[in-house]
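Asks: The structure is given below, and queries will be raised subsequently.
The values are calculated or read from the model by the stated rules, or taken from the named source; none is laboratory data. Note that this is a predicted model, so its numbers are computed, not measured. Reconstructed Cβ throughout: ideal geometry from the backbone, glycine too, with neighbour counts over all protein chains shown. Just so you know, the surface numbers come from the protein's heavy atoms only, side chains and all, with ligands and any DNA or RNA stripped out. Shrake-Rupley method; radii C 1.70, N 1.55, O 1.52, S 1.80 Å.
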Amino acid sequence: MQRIKSFEINHDVLVPGFYISREDGDVITYDLRTRRPNMGDYMSDAVMHSVEHMFATYARNSEYADSVIYFGPMGCQTGFYFLLRNTVTPQQAFELTKDILRKTIAHEGDIFGKSAKECGHFENLDLSLAKEECKTYLAALEAQKDMTFAYPTR
Ligand SMILES: [Zn+2]
């Protein structure tokens, strides 16, 4: 078996931030890393699910809606994948991500798609959990210095 590209990055030195994971044709996969891997600190399913509903809805209603391919949590519970067409530059994707985090933090009312008709586990959604996660992650992005979005190597 060939080892897939995301297994080749060094998870030992990965810190919360915004990274380019891979490029496939005109699609760029971004690694929205919210936690340090393998440090005993993981997002709960309710956190990931709540952020997913908010982020995906805001992304698909943004000025870049037509370029959004996918947003969803990583199975390891330490981040999310955000897939966009390369008509959106990495800098624009970074700004869009921060904008969506701010919108989620300021969001009032219900979580988007919180009903049995719209979701496979709608009771597992909590806006306060999404806001808390987005606040922590936004702080990490506001402190990020590397605007090449390359993974750290050491
Ligand atoms: Zn859902």
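Asks: So which pairs qualify, if the first residue must be in region 73-93 and on the phi > 0 side of the Ramachandran plot, the second must be open to solvent by 70 Å² or more (accessible area, probe 1.4 Å), the Cβ gap must be under 7 Å, and the two must be at least 6 apart or on different chains?
Replies: Sorted first by the residue in region 73-93, then by its partner, the pairs are Q77/Y42.
Asks: Let me ask you something else. I want to confirm something. Restricting to region 1-48 and keeping residues that are more than 23 Å from K131 (Cβ to Cβ) and of a type in the set (F, W, Y), which single residue is least open to solvent (accessible area, probe 1.4 Å)?
Replies: Only one residue tops the list, namely Y19.
Asks: Is it the case that some residue within region 100-114 is loosely packed, with under 13 Cβ neighbours inside 10 Å, of a type in the set (D, E, K, R) and either within 24 Å of E8 (Cβ to Cβ) or touching a His at 6+ places or on another chain (Cβ under 9 Å) (or both)? It would help to see each step written out before you state the result.
Replies: Going residue by residue through region 100-114, those that are loosely packed, with under 13 Cβ neighbours inside 10 Å are 106, 108-110.
If we keep only those that are of a type in the set (D, E, K, R) as well, we get 108, 110.
Next, from what is left, pick out any that are either within 24 Å of E8 (Cβ to Cβ) or touching a His at 6+ places or on another chain (Cβ under 9 Å) (or both): none.
No, region 100-114 contains no residue that is loosely packed, with under 13 Cβ neighbours inside 10 Å, of a type in the set (D, E, K, R) and either within 24 Å of E8 (Cβ to Cβ) or touching a His at 6+ places or on another chain (Cβ under 9 Å) (or both).
Asks: Confirm whether L125 is more than 16 Å from the ligand (Cβ to nearest atom), of a type outside the set (S, T, N, Q), open to solvent by less than 60 Å² (accessible area, probe 1.4 Å) and touching a residue at least 24 places away in the same chain (Cβ under 8 Å). Before you say what the answer is, go through the steps one by one.
Replies: Values: more than 16 Å from the ligand (Cβ to nearest atom): no; of a type outside the set (S, T, N, Q): yes; open to solvent by less than 60 Å² (accessible area, probe 1.4 Å): yes; touching a residue at least 24 places away in the same chain (Cβ under 8 Å): yes.
Answer is no for this residue.
Asks: For E133, state whether it is assigned to a helix (DSSP H, G or I) and either touching a Leu at 6+ places or on another chain (Cβ under 8 Å) or open to solvent by 30 Å² or more (accessible area, probe 1.4 Å) (or both).
Replies: Details: assigned to a helix (DSSP H, G or I): yes; either touching a Leu at 6+ places or on another chain (Cβ under 8 Å) or open to solvent by 30 Å² or more (accessible area, probe 1.4 Å) (or both): no.
Against the criterion (assigned to a helix (DSSP H, G or I) and either touching a Leu at 6+ places or on another chain (Cβ under 8 Å) or open to solvent by 30 Å² or more (accessible area, probe 1.4 Å) (or both)), E133 does not qualify.
Asks: Just checking, which of Q91, Q77 is away from the ligand (no atom under 14 Å from the Cβ), of a type in the set (S, T, N, Q), outside any loop (DSSP other than H, G, I, E, B) and open to solvent by 40 Å² or more (accessible area, probe 1.4 Å)? Show your work before the answer.
Replies: Numbers: Q77 fails: outside any loop (DSSP other than H, G, I, E, B).
The unique qualifying residue is Q91.
Asks: May I ask you to verify whether E52 is part of a helix (DSSP H, G or I), out of contact with any Ser or Thr (no Cβ under 6 Å at 6 or more places or on another chain) and either surrounded by 17 or more Cβ atoms within 10 Å (Cβ to Cβ) or not aliphatic (A, V, I, L, M) (or both)?
Replies: Values: part of a helix (DSSP H, G or I): yes; out of contact with any Ser or Thr (no Cβ under 6 Å at 6 or more places or on another chain): yes; either surrounded by 17 or more Cβ atoms within 10 Å (Cβ to Cβ) or not aliphatic (A, V, I, L, M) (or both): yes.
It is true that E52 is part of a helix (DSSP H, G or I), out of contact with any Ser or Thr (no Cβ under 6 Å at 6 or more places or on another chain) and either surrounded by 17 or more Cβ atoms within 10 Å (Cβ to Cβ) or not aliphatic (A, V, I, L, M) (or both).
Asks: Within region 62-71, is even one residue in a strand (DSSP E or B) and open to solvent by 30 Å² or more (accessible area, probe 1.4 Å)? Let's see the steps before the verdict.
Replies: Going through region 62-71, the residues in a strand (DSSP E or B) turn out to be 68-71.
So of that shortlist, the ones also open to solvent by 30 Å² or more (accessible area, probe 1.4 Å) come out as 69-70.
Within region 62-71, one or more residues are in a strand (DSSP E or B) and open to solvent by 30 Å² or more (accessible area, probe 1.4 Å).
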